[in-house]
1. Go through the range A:130-160 and give me each residue that's crowded, with 21+ Cβ neighbours inside 10 Å, within 19 Å of A:ASP315 (Cα to Cα) and hydrophobic (A, V, I, L, M, F, W, C).
2. Regarding the range A:81-92, can at least one residue be identified that is free of Cβ contacts under 8 Å to residues at least 24 places away in the same chain and near DNA strand C (Cβ under 10 Å from one of its atoms)?
3. Quick check on A:ALA338: is it surrounded by 17 or more Cβ atoms within 10 Å (Cβ to Cβ), outside any strand (DSSP E or B) and not charged (D, E, K, R)?
4. Considering only residues that are farther than 30 Å from B:ARG9 by Cα and within 12 Å of DNA strand D (Cβ to nearest atom), which ones fall in the range A:30-46?
5. Any idea which of (1) assigned to a loop (DSSP other than H, G, I, E, B); (2) under 18 Å from B:ASP107 (Cα atoms); (3) touching a helix residue (DSSP H, G or I) at 6+ places or on another chain (Cβ under 8 Å) is the one B:SER160 doesn't satisfy?
6. State all residues of the range A:286-320 that are assigned to a loop (DSSP other than H, G, I, E, B) and buried (at least 17 other Cβ atoms within 10 Å of the Cβ); if no residue qualifies, say none.
7. Quick check on my filter: what residues within the range B:32-56 are within 11 Å of DNA strand C (Cβ to nearest atom) and open to solvent by less than 30 Å² (accessible area, probe 1.4 Å)?
8. Which members of the range B:183-227 meet the condition of being touching a residue at least 40 places away in the same chain (Cβ under 8 Å) and within 16 Å of B:ALA259 (Cα to Cα)?
Number of protein chains: 2
Amino acid sequence: MTQPAAHRRASIADVARAAGVSVGTVSNVLNRPERVLPGTRERVEAAIDELSFVRNGSARQLRAGTITTVGAIVLDIANPFFTDVARGIEERLDRDDFTLMVASSDDKPDREQRYLRLFEEHGVQGVMVVPATDDIEHLLAVRRRGTGVVLLDRPSSDPSISSVAVDDVRGGELAARHLLDEGHTRIAFLNGPHTIRQCADRYEGVVKELVAAGLDPATALVEITVSSLNAEGGEAAIRGLLESGDRPTAVFCVNDLVALGVLRTLRTENIAVPADVAVVGYDDVAFAAELSTPLTSVRQPTHEIGVRAADLLLDGPDAAAEHVMFQPTLVVRGSSSAVG
Amino acid sequence: MTQPAAHRRASIADVARAAGVSVGTVSNVLNRPERVLPGTRERVEAAIDELSFVRNGSARQLRAGTITTVGAIVLDIANPFFTDVARGIEERLDRDDFTLMVASSDDKPDREQRYLRLFEEHGVQGVMVVPATDDIEHLLAVRRRGTGVVLLDRPSSDPSISSVAVDDVRGGELAARHLLDEGHTRIAFLNGPHTIRQCADRYEGVVKELVAAGLDPATALVEITVSSLNAEGGEAAIRGLLESGDRPTAVFCVNDLVALGVLRTLRTENIAVPADVAVVGYDDVAFAAELSTPLTSVRQPTHEIGVRAADLLLDGPDAAAEHVMFQPTLVVRGSSSAVG
DNA sequence: GCTACATTATGAACCGTTTCATGGCGCAGG
DNA sequence: CCTGCGCCATGAAACGGTTCATAATGTAGC
């Protein structure tokens, strides 16, 4: 009945007092109940209920040092690609009774830093990061200080940091090759900033393929940087392109959300897909196949990316860094091909 | 140059020693730099860099007691509805320099409990929860112990806990009313378990509307509980329904992901939508309008839900609990109506 | 030269756990 | 009866920060 002082949470000492035992015993009840006589244990448990005691995680961790949580920092929590990866991570972590906390950097380096620091300061076992910048020096520093780091969805430029990625250059090639095969010679690429490695790599792949086909990227390719990597960004970019007058015959979008915005806009503007403009997306999210014009997209093994990343992190900080690279595949549908 | 012992992170004491000052001074440099002479400050900062010191968040928090982080526990991190809400939360938190950690309960009460405990033990300012069960006694307990709690997407049955919800009974009514207006008299409702309040409420709304129209729910309505609240769940459920032989003329899905699975399956099976079977979803996610058969759906103000919830949490633990209830709207499209 | 006061730096107390050396106690074996 | 051992419970040290009363030093005013 008698609660401890107005706003202070009950501590282990309060419980000990209430149960008439020492703090050590309460701690034992909490952590190694088998070492405590059943009678004593019950008294302590009663006191815990009575005071509705909740362990102070900070104190616990301060002393014990470790915690079975890992953090994930993704670019955009509203992008199904990243959340599918997150589900893969969760599935793997669950097996080892680890927990996952997800944070979203919103492509912003300072937000990424902030969450990174937060995770590190709180002593998580490790962090999986989709970096918002090309420079990963800050991640190396975290790694050096003993926190596990796995790069998500982008290859590591450093041998000491593990990564699970998909070959984005190849992805760009696949998309470009397909559009070339369909007869397009003027392609717009609605891309994100090149500071995001995936964007730079996909661009590189596209250019490579154009050059291989004997085209001059300077004329055959127009790259537009979207304001945000989602449907709104796609919509704004395609509108700009349409208003500019010289409309390309094909649009390659850096992800399916951007493609969604493009398709939406083209439909509103009564521009036929793929007849007037072909559209290719990236990620092959769940709804891509069900759109009014089913979306051609570059598929990545999302779930598997998450699982492997968690694998690597759980291998522990002393395991040798590994660099997993998956290959993307192209899924052709109606948005880019009459046959699709 | 001389790093501290092999695997121990540098502590404030190490920094103090290296800089030739006391620990108190280091702490001041960290927290109130203006109180430290520039010269001293620089020496300390140099030592911090040198030792690549990172504050121990647990120790800091143990003493300081507070932390500017809030947690969110949603049912499914891969559901755009929840991540849109999360973005709303983030946007609001950002203004007050709070950070958000998201966890996914996967509809599982024990996972919800686990994350809840994790958040509470680590002393977050508050938690926003989409409860996986009808019983929220455990949330009340958290609240009583001084951690802020806001119910997300479901009304609070308790006056002491704030909530930001959308009228789900009304949502069910809107969907049912619409299908009745379209002439359907045998409706399948692919629903989640009634332990999830939203599911129970939407069911109630459907039944209400059927009764109001003079129909007997026992014959006019068949409720099927999906195995999971996503496309796979929807697919499995509709397959079961098709195989059972007596196919209803309309399917109402508890969310748009389930509806996506249904649409996908119906297309594969060459069943015309809405001619053979009408489909209505819930949430009006971004892609709903762009599907091959644009999806009729009950729209909820996702972003606004997140913003308001964060508002309430940031009001502090002593503010009076508030119960915000938004009204859903029906967006009619081609999946349920020829005119849509 | 002395006092009053402002500015900086100090170091010990404290936060709430876990851990571990220590001690009390009962019991079996000799 | 004594020894040795196993079982429980104890209480203090330790984790790494923050905070605060206090000390040291410098400066201004009289």
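1. Correct list: A:LEU139, A:VAL142, A:VAL149, A:VAL150, A:LEU151, A:LEU152.
2. Within the range A:81-92, not a single residue is free of Cβ contacts under 8 Å to residues at least 24 places away in the same chain and near DNA strand C (Cβ under 10 Å from one of its atoms).
3. Details: surrounded by 17 or more Cβ atoms within 10 Å (Cβ to Cβ): no; outside any strand (DSSP E or B): yes; not charged (D, E, K, R): yes.
The answer is no for A:ALA338.
4. Answer for the range A:30-46, where residues must be farther than 30 Å from B:ARG9 by Cα and within 12 Å of DNA strand D (Cβ to nearest atom): A:PRO33, A:GLU34, A:ARG35, A:VAL36, A:LEU37, A:PRO38, A:GLY39, A:THR40, A:ARG41, A:GLU42, A:ARG43, A:VAL44.
5. (2)
6. First, pick out the residues of the range A:286-320 that are assigned to a loop (DSSP other than H, G, I, E, B): A:286-287, A:292-295, A:300-301, A:315-320.
Within the range A:286-320, A:ALA286, A:PHE287, A:SER292, A:THR293, A:PRO294, A:LEU295, A:GLN300, A:PRO301 qualify.
7. B:VAL36, B:VAL44
8. Residues satisfying the conditions are B:ILE187, B:ALA188, B:PHE189, B:LEU190, B:ASN191, B:GLY192, B:CYS199, B:ARG202.
The values are calculated or read from the model by the stated rules, or taken from the named source; none is laboratory data. Bear in mind that the values here come from a model prediction, so they are computed numbers and not experimental data. Positions of Cβ are backbone-derived with ideal geometry, glycine not excepted, and every protein chain shown enters the neighbour counts. Side chains included, ligands, DNA and RNA excluded: accessible areas come from the protein's heavy atoms. Shrake-Rupley method; radii C 1.70, N 1.55, O 1.52, S 1.80 Å.
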